[in-house]
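What follows is a single structure, and I will ask about it in a moment.
The values are calculated or read from the model by the stated rules, or taken from the named source; none is laboratory data. The structure displayed is predicted, hence computed values, not measured ones. Neighbour counts run over all protein chains shown; Cβ positions are idealised from the backbone, glycine included.
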Amino acid sequence: MSKYMKGTVIKAKITGIENYGIFVTFQDGYAGLVHISELSNKFVKDINSYGKVGDEIYAEIIDVDDESKKIKLSMKNLIYKKNHNSKKRKIIETKNGFNTLKKKLPYWIDEALKNSKNVVNTIDKH
C-alpha cells in the first residue's frame with residue numbers, strides 16, 4: 001500500500017515546467033505532474049505564474065500509480081497562485097477621514113456648474 005493517498009495535500013518540489021504542466025518530485029523517488037487543466041478552474045494564461053523550477057508547492061493527489069511511482073496532482077481547489085505584479089498598497093486612514101472631501105466637494109460642484117454654463121451646446125447653434 002502506498003503512503004500517498006488520493007485527496008491528500010502534499011508538498012513537492014518543482015523540477016520542470018512545460019506549456020502543458022508542472023513536473024514535481026518527492027524525496028522517495030516518486031514523480032508527479034500537475035497538468036495545466038488541474039492548475040485552475042479558470043483559463044491559465046501563464047503557467048509560470050504558478051511557480052518556477054526549485055519552488056516548493058502544495059498540491060492535492062488525484063491519482064497514484066505505485067508501480068511506476070507516478071502521481072497525478074491538482075492545484076485547482078487550493079487557493080494559491082503567485083502573482084508577482086500585485087503589490088497592494090495598504091490604505092491608511094488619517095484622523096481627518098473624509099473631512100477634507102466633505103469640505104472641498106461643494107467647491108468642486110460649484111466649479112463644475114460654472115464651467116458647464118460657459119460651454120455652448122453645439123445643437124443650440126443651428
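Could you list, in sequence order, all residues of the stretch 24-37 that are within 20 Å of the chain's Cα centre (by Cα) and of a type outside the set (Val, Ile, Thr)?
Hits for the stretch 24-37 are 35, 37.
What pairs come out if I take residues in the stretch 52-65 that are assigned to a loop (DSSP other than H, G, I, E, B) and pair them with residues that are surrounded by 14 or more Cβ atoms within 10 Å (Cβ to Cβ) and not polar (S, T, N, Q) whose C-beta lies under 8 Å away, six or more apart or interchain?
52/14; 52/17; 53/14; 53/17; 54/13; 54/14; 55/13; 55/14
Name the single residue, out of those in the stretch 1-40 being in contact with an Asp or Glu (Cβ under 9 Å, 6 or more places away or on another chain) and among the charged types (D, E, K, R), that is farthest from residue 58 (Cα to Cα).
Among those that are in contact with an Asp or Glu (Cβ under 9 Å, 6 or more places away or on another chain) and among the charged types (D, E, K, R), it is 3.
Further, regarding this structure: Go through the stretch 25-61 and report how many residues are more than 15 Å from residue 11 (Cβ to Cβ) and out of contact with any helix residue (DSSP H, G or I) (no Cβ under 7 Å at 6 or more places or on another chain). Write out each step before concluding.
So in the stretch 25-61, the residues more than 15 Å from residue 11 (Cβ to Cβ) come out as 29, 33, 35-49, 52-53.
Right, trim to out of contact with any helix residue (DSSP H, G or I) (no Cβ under 7 Å at 6 or more places or on another chain) and you get 29, 33, 35, 37-38, 40-43, 45-46, 48-49, 52-53.
Total meeting the criteria: 15.
Where residues in the stretch 17-43 are of a type in the set (S, T, N, Q) and more than 17 Å from residue 67 (Cα to Cα), which of them is surrounded by the most Cβ atoms within 10 Å (Cβ to Cβ)?
40
Pairs needed: first member in the stretch 16-32, over 16 Å from residue 74 (Cβ atoms); second member anywhere, part of a strand (DSSP E or B) and among the polar types (S, T, N, Q); C-beta distance under 6 Å; at least 6 residues apart or different chains.
Close Cβ pairs (under 6 Å, with a partner that is part of a strand (DSSP E or B) and among the polar types (S, T, N, Q)) amount to 25/15.
Can we say residue 82 is in a loop (DSSP other than H, G, I, E, B), surrounded by 10 or more Cβ atoms within 10 Å (Cβ to Cβ), under 25 Å from the mean Cα position of the chain (by Cα) and modelled with pLDDT under 70?
In short, yes.
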